[in-house]
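K.L.:
Questions regarding the structure given below will be posed in turn.
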Amino acid sequence: MEPDRSPDDAYRAKYSQVLNHCYHGDKMKCLILEDDIVFLHNPERTRDVLVENTITMFNTEDSAYDCTKRGFGWLPSTHTGDGSQCRIFSKPPASCLSQCLEEENAAQLDFGLKACQSHCGLTQKRFLLAVHSGLSSTMDREDT
């Protein structure tokens, strides 16, 4: 890490790179997970919950999903910046989000995501798919 960059700056830059990769990839939606989450369901039910809550019949590609908060994925909610452990973005707005995060001067990624989602015209929706494990990130663990 560069000496004048904080861990938050490095994390925000990495998140921006992931969004840029999403934009240039061949998938329509990108699920971005932190490494210290726990899925609530088995793999089959996890897939069903993802499909049920992000199905295009109820959503546009201008929807962003916070999958660590209880809600119904087809209903809009307020933009929140709290907790970015599990997010889903569609490919079209990923480029705008990536550029915005690179320019955003928010101290933490969560606040930058909140501001950038608004800036990029995304509707916030949420559904509960994963929870924070309570363990520190593997990035911070000495044994990894």
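K.L.:
Which residues among segment 45-64 fall inside the zone where the amide N is under 15 Å from a point 7 Å beyond the Cα of TRP74, along Cα→Cβ?
P.N.:
49-61
K.L.:
Of the options GLN85, ASN53, PRO43, report the single residue whose Cα projects farthest towards the positive end of the charge dipole of segment 34-95 (beta-carbon charges: Lys, Arg +1; Asp, Glu -1).
P.N.:
Toward the positive end, the furthest listed residue is ASN53.
K.L.:
Under a Cβ-only charge scheme (Lys and Arg +1, Asp and Glu -1), can you give me the dipole magnitude of the chain about the Cα centre, in debye to the nearest 20?
P.N.:
So the dipole magnitude of the chain works out to roughly 640 debye.
K.L.:
Also, quick follow-up: Here are several values of Rg and Dmax of the Cα atoms in Å: [x] 16.7, 56; [y] 16.0, 50; [z] 15.0, 48. Which one was derived from the coordinates shown?
P.N.:
So the structure-derived entry is [z].
K.L.:
For the chain, report the accessible area per residue in Å² (1.4 Å probe, heavy atoms, rounded to an integer).
P.N.:
Here the residues of the chain average 58 Å² of exposed surface.
K.L.:
Could you point to the residue in SER63, ILE32, CYS120 farthest towards the positive end of the chain's charge dipole, with +1 and -1 charges on the Cβ of Lys/Arg and Asp/Glu respectively?
P.N.:
After comparing all options, I get SER63.
K.L.:
Pairs LYS27/LYS91; LYS14/LYS125; LYS27/LYS114: which exceed 18 Å Cα-Cα?
P.N.:
LYS14/LYS125; LYS27/LYS114
K.L.:
Next up: Take each of the peptides 125-131, 91-97, 38-44, average the number of other beta-carbon atoms within 10 Å over its residues, and list them starting from the highest.
P.N.:
125-131, 91-97, 38-44
K.L.:
Per residue of the chain, what 222 nm ellipticity follows from adding -39500 (n - 2.57) for every DSSP H run with n ≥ 4, rounded to the nearest 500?
P.N.:
-12000 deg cm²/dmol
K.L.:
Suppose we keep just the DSSP beta bridges with both residues in the chain; what percent of those would be antiparallel, to 5?
P.N.:
Details: 12 of 16 bridges.
Of those bridges, close to 75 percent are antiparallel.
K.L.:
Let me ask something additional. Considering only protein heavy atoms and a 1.4 Å probe, what is the carbon-and-sulfur percentage of the accessible area of the chain? All intermediate terms of the calculation are to be shown ahead of the outcome.
P.N.:
Details: 4480 of 8350 Å².
Solvent-exposed carbon and sulfur of the chain make up 54 percent of the total.
The values are calculated or read from the model by the stated rules, or taken from the named source; none is laboratory data. Since we're looking at a predicted model, the values are computed, not measured. Ideal geometry is used to build each Cβ from the backbone, glycine not excepted, and the neighbour counts take in all protein chains shown. What goes into the accessible areas is simple: the full protein's heavy atoms, side chains included, and nothing from ligands, DNA or RNA. Shrake-Rupley method; radii C 1.70, N 1.55, O 1.52, S 1.80 Å.
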